[in-house]
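The values are calculated or read from the model by the stated rules, or taken from the named source; none is laboratory data. It should be emphasised that the depicted structure is a prediction, and the values quoted were computed from it without experimental measurement. Virtual Cβ from ideal backbone geometry, glycine too; neighbours counted across all protein chains shown.
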Amino acid sequence: MGLQLMLPRLRPTLYSAQPRLILPSTRHHNTHARTMSQQAPAPTPKFSPGADTETLRPAVDKLLRESGGRWTLSKDGEAVERNFKFKTFTKTWDFMTAVSLQCKIRNHHPEWSNVYNTTFIRWTTHNPKGLSDRDVHLAALCDTLARDFGEVIEDPSPSSVDQKTNTMGDRPDEASCAMGQLAGAAVSAAGDCCGRKPQ
Ligand SMILES: C[C@H](O)[C@H](O)[C@H]1CNC2=NC(N)=NC(=O)C2=N1
């Protein structure tokens, strides 16, 4: 028997020889993909003081379940976030324009970033801090607008899927993680939206 026959056959998707970029996964947690064996507790929604939690809680749950579970809660529970992909930059920008019109109507802005044909959107309320009905409403609206603008729906990459549970496990999609970091950098550079405006 040749040596080759004695070696286990490795599935290329599971044992890729290519090095993978592993980014820290502190910001993204898919509450529905988490398994019991993982230690960190799943984040729970942190609502804005004064928010109507009785209506908001099921609405957030619905967001996390719908659109293939693409919305996730941030680790601190104060935001819902997700990545959107389109065919072209123009389609992405058109979608973002439509979202920004809704922001104007609602007097509420996202924390977001755009790279070519993708946009990462995070909804959170800065004052009073936490998840509010505006965040939940605008997140749901984004799903509808994305559909209208021809969102490209992709299966999660095989490298991020836990092969035993067939879930995303604790490792979020790398691209969306990088986009989240980009939005995070923008947040650090931004001024305080709720403070006094310079004269
Ligand atoms: C004065 C004005 O209502 C505030 O600055 C609004 C504008 N848009 C906002 N957007 C978000 N995401 N959070 C806020 O607290 C907020 N506040």
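Tabulated results
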{"quantity": "Test: residue in segment 127-143 that is more than 15 Å from the ligand (Cβ to nearest atom), modelled with pLDDT of 95 or more, closer than 21 Å to A186 by Cα and buried (at least 18 other Cβ atoms within 10 Å of the Cβ)", "calculated": "no"}
{"quantity": "E78 being within 16 Å of the ligand (Cβ to nearest atom) and touching a Gly at 6+ places or on another chain (Cβ under 6 Å)", "calculated": "yes"}
{"quantity": "Hits in segment 109-121 (condition: more than 8 Å from the ligand (Cβ to nearest atom) and closer than 15 Å to A189 by Cβ)", "calculated": "W112, S113"}
{"quantity": "Enumeration of residues in segment 144-157 that are surrounded by fewer than 17 Cβ atoms within 10 Å (Cβ to Cβ) and either in contact (Cβ under 8 Å) with a residue 60 or more places away in the chain or closer than 18 Å to T90 by Cβ (or both)", "calculated": "R147, D148, G150, V152, I153, E154"}
{"quantity": "Yes/no for V187 being assigned to a loop (DSSP other than H, G, I, E, B), at pLDDT 75 or above and touching a strand residue (DSSP E or B) at 6+ places or on another chain (Cβ under 6 Å)", "calculated": "no"}
{"quantity": "Some residue of segment 84-99 being touching a strand residue (DSSP E or B) at 6+ places or on another chain (Cβ under 9 Å) and within 23 Å of R57 (Cβ to Cβ)", "calculated": "no"}
{"quantity": "Those residues of segment 79-95 which are under 17 Å from the mean Cα position of the chain (by Cα) and surrounded by fewer than 21 Cβ atoms within 10 Å (Cβ to Cβ), in sequence order", "calculated": "K85"}
{"quantity": "Unmet requirement for R171, which otherwise passes all of (1) part of a loop (DSSP other than H, G, I, E, B); (2) buried (at least 16 other Cβ atoms within 10 Å of the Cβ); (3) at pLDDT 75 or above", "calculated": "(3)"}
{"quantity": "Unique residue being buried (at least 18 other Cβ atoms within 10 Å of the Cβ), more than 12 Å from the ligand (Cβ to nearest atom) and in contact (Cβ under 8 Å) with a residue 24 or more places away in the chain when the list is T72, T124", "calculated": "T72"}
{"quantity": "Verdict on C103 being in contact (Cβ under 8 Å) with a residue 12 or more places away in the chain and within 13 Å of the ligand (Cβ to nearest atom)", "calculated": "yes"}
